[in-house]
Each structure stands twice: as C-alpha cells, then as structure tokens.
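K.L.:
Following this message is one structure expressed as structure tokens.
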Amino acid sequence: MVDPSYGSGSSVRQFGYIAGLAAVGGLHLALIETKTDAAVGTITLHHPKKRNALSSQLVDAILESLTLFSREQIRAVVLRAKPGAKVWSAGHDVDELPRGRRDPLGWDDPLRSLVRSIEEFPAPVIAAIEGGVWGGACEVVFACDLIVVAPTATFAVTPAKLGVPYNVSGMLTFLNACSLRTVKEMAFTAKPITAERAERLGIVNHMVSAEELEPFTYSLAREIAENAPLSIAVMKEQLRMLAGAHPMSPRRFERVQGLRRIVYDSEDYAEGIRAFREKRKPKFLGR
Ligand code: KGJ
C-alpha cells in the first residue's frame with residue numbers, strides 16, 4: 001500500500017484560469033483539471049474548443065501543476081484528456097507560432113518547456129491516450145515515461161504540413177521513441193498512425209480497450225507509486241541523460257540552426273501558417 005502521508009490525499013483542482021480575460025457568463029475557463037489521489041497525480045487537458053492545443057496558457061497550467069506535484073512528492077502522474085475525447089491534443093497552438101523570420105521552436109517556446117518539464121519531473125509521467133495526437137502533442141506524449149492507448153488513439157507528426165523546421169532536441173524525442181525508419185515515415189508523410197500500429201512498433205507500452213484505459217492506467221500508476229521513489233527518480237534521470245547523450249560540435253549545431261533558419265525565413269513557412277489560419281491546403285514551392 002502507498003503511504004497515505006505521500007501526496008495530499010484526494011483532492012480536485014482546476015488550473016489555468018484565463019487571467020486578463022472577461023469571464024464569459026460569469027464563468028472562468030479552466031484549461032486543465034488536476035487531481036491527486038494518495039501519491040498519484042492526474043492532469044486532464046480540458047480545452048475542447050481548441051482541441052486541447054498546447055497554447056502558452058494551457059502549458060503554463062500544466063507546468064504549474066507539475067511544480068505542485070513535485071512539491072507534494074507525487075510518485076506517478078497521469079497525463080490525459082477527458083474520457084471519450086476525439087482529439088487528445090491538436091499540438092502546438094498554431095495561432096501562437098510566429099508568422100516567419102523567428103524560430104518557431106526556440107528554447108522558451110511552450111512546447112519545448114513542456115517536454116523538458118515532463119522529462120525532468122522526478123517521477124514517471126504516464127500518458128493515457130484516446131483520440132488524435134497531432135504535431136507537437138506527439139512529442140509531448142513520446143516524452144512521457146509510459147504510454148497507454150485506447151484503440152481510437154492516432155499519432156501524426158505534422159511539421160511538414162505547416163513548413164515548420166522542427167528543432168534538434170525535438171527530433172531526438174522522436175528518435176528516442178521510435179526507430180529511425182518510423183520517425184522518417186511519420187515526419188515525411190505527416191500521416192496519422194493507428195494505435196494498433198504504434199503498439200506493434202513499440203512506440204506505446206499498452207493498447208487496451210476504451211473501457212480499460214482508465215483502470216489499467218491507474219493500476220500501473222499505483223504499482224509504480226508503491227515502489228521506491230528515490231530509486232525510480234534516479235533511474236529516470238539516468239535514462240534521460242543517457243538518451244540525450246549525443247554530443248554535437250558547436251560548428252554542427254550552428255550549421256543546423258542555419259539550415260533551420262532558411263526554413264523559417266522561407267515563403268513556404270509563411271504559407272503553411274497562413275493556410276492553416278485560412279483553413280485551406282497550403283501550396284508549397286520549396287523556397
Ligand atoms: N492550433 C490552433 N488552433 C487549433 C489547432 C491548433 N493546433 N487545432 C485546432 N484548432 C482550432 C481550429 O482552428 C478551430 O478553431 C477549433 O480549434 C476546432 O478545430 O475555427 P475555430 O473554432 O476558431 P476543428 O478543426 O474545427 O476541429 P475538428 O474538425 O474536430 O478537427 C480536429 C483536428 C485536430 C483534426 C483539426 O483541428 C486539426 O487538424 N488541427 C490541427 C492539427 C495539427 O496539424 N497540429 C499540429 C500543429 N503543429 C505542431 O504542433 C508543430 C510543433 N509542428 O511543428 O507542426
């Protein structure tokens with residue numbers, strides 16, 4: 001049994017109140033919900049209007065709750081959407097991507113901060129997935145320590161649909177989650193892959209029925225929470241360091257940044273973002 005002195009007992013909170021916006025009909029909008037039950041914390045994405053796109057406000061709310069969970073010595077976190085969600089997350093909030101001439105995935109980009117926080121969180125983060133996972137949200141899920149999916153889950157790596165030059169550490173997240181060949185297929189075609197295929201390729205730990213998703217995920221979380229947290233934290237940190245142990249010379253790094261800059265300065269990048277906003281298919285010219 002988990003020592004009940006860990007965590008904060010059972011409590012439910014809502015994070016992500018939109019500051020600075022007039023309340024709609026007297027209601028503030030919560031972008032995520034969080035819950036702690038003994039030593040297991042839950043973060044539920046809840047911005048259906050924007051299909052849980054990873055806006056800076058939504059990401060800030062997740063970061064805030066992870067900080068709190070860490071302080072409360074939570075031993076396992078479940079990152080999920082609402083039951084039955086058709087879209088787990090639509091990925092980066094495209095409205096927040098620069099229109100051009102600026103790195104869309106720089107160090108302080110919300111997606112980058114979120115991926116780092118999950119990787120650095122001192123206990124396992126389990127992604128429980130139903131519905132579509134798009135673009136940067138795929139990276140967020142792949143950065144989680146374990147992934148459990150329902151048969152409706154799909155994963156699409158979509159920068160090539162927008163003309164985005166993905167960044168080096170982001171590519172590494174994909175490479176650490178999938179084989180090189182799979183990353184290439186997903187990134188070059190930008191087509192969703194099914195939950196079944198993701199399980200076959202070893203990208204996810206378990207595929208279970210939609211009804212089983214919640215009980216299965218929480219039983220995994222509780223098992224982890226009963227094990228030695230210091231041991232798990234140090235194993236997670238070592239695996240993070242080993243998985244990221246790819247030395248790159250300053251010259252190579254600067255070369256990659258130069259190549260990426262050509263992409264975000266290009267007409268194609270501006271066209272990709274414009275087309276998304278205008279809800280039409282982009283016309284890419286390769287310049
Ligand atoms: N960013 C901003 N707004 C979004 C996003 C997004 N990623 N996804 C959806 N929305 C907005 C739409 O513009 C609609 O706004 C609303 O959410 C509902 O979407 O017209 P509005 O109501 O003002 P929609 O398309 O009507 O919903 P569905 O028909 O249910 O389709 C759901 C989909 C997820 C299939 C669809 O919304 C979609 O294709 N979204 C974009 C998915 C995507 O390509 N994401 C990758 C973003 N790029 C990245 O993450 C990165 C890092 N990258 O390098 O590319």
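K.L.:
Would you check if F216 is more than 11 Å from the ligand (Cβ to nearest atom) and surrounded by fewer than 24 Cβ atoms within 10 Å (Cβ to Cβ)?
P.N.:
Yes.
K.L.:
Determine which member of the set L63, L68, L54 is buried (at least 23 other Cβ atoms within 10 Å of the Cβ) and not basic (K, R).
P.N.:
Selected residue: L54, the only one of L63, L68, L54 that is buried (at least 23 other Cβ atoms within 10 Å of the Cβ) and not basic (K, R).
K.L.:
With the condition kept exactly as written, say whether any residue in the stretch 246-261 is in a loop (DSSP other than H, G, I, E, B) and either surrounded by 15 or more Cβ atoms within 10 Å (Cβ to Cβ) or small (G, A, S) (or both). Outline the logic, then answer.
P.N.:
Of the stretch 246-261, the ones in a loop (DSSP other than H, G, I, E, B) are 246-249.
Checking the rest, the ones that are also either surrounded by 15 or more Cβ atoms within 10 Å (Cβ to Cβ) or small (G, A, S) (or both) come to 249.
The answer is yes, given that some residue of the stretch 246-261 is in a loop (DSSP other than H, G, I, E, B) and either surrounded by 15 or more Cβ atoms within 10 Å (Cβ to Cβ) or small (G, A, S) (or both).
K.L.:
Consider L21 against the criteria (1) over 26 Å from A150 (Cα atoms); (2) out of contact with any helix residue (DSSP H, G or I) (no Cβ under 9 Å at 6 or more places or on another chain); (3) at pLDDT 95 or above: it satisfies all of them except one. Which criterion is unmet?
P.N.:
(3)
K.L.:
List pairs: first residue in the stretch 244-256 and touching a residue at least 24 places away in the same chain (Cβ under 8 Å), second residue outside any helix (DSSP H, G or I) anywhere in the structure, Cβ distance under 9 angstrom, at least six positions apart or on different chains.
P.N.:
From the stretch 244-256, the pairs are V256/N167; V256/M248.
K.L.:
Of the residues that sit in the stretch 108-140 and are in a loop (DSSP other than H, G, I, E, B) and in contact (Cβ under 8 Å) with a residue 24 or more places away in the chain, which one is nearest to the ligand (Cβ to nearest atom)?
P.N.:
G135
K.L.:
Kindly indicate whether R112 is closer than 21 Å to G163 by Cα, surrounded by fewer than 20 Cβ atoms within 10 Å (Cβ to Cβ) and within 13 Å of the chain's Cα centre (by Cα).
P.N.:
So R112 fits the description; yes.
K.L.:
Oh, and also: Out of all the residues in the stretch 188-197, which are surrounded by fewer than 18 Cβ atoms within 10 Å (Cβ to Cβ) and touching a Pro at 6+ places or on another chain (Cβ under 9 Å)?
P.N.:
Correct list: A190, T194, E196.
The values are calculated or read from the model by the stated rules, or taken from the named source; none is laboratory data. Everything numeric in this text was worked out from a predicted model, so none of it was measured. Reconstructed Cβ throughout: ideal geometry from the backbone, glycine too, with neighbour counts over all protein chains shown.
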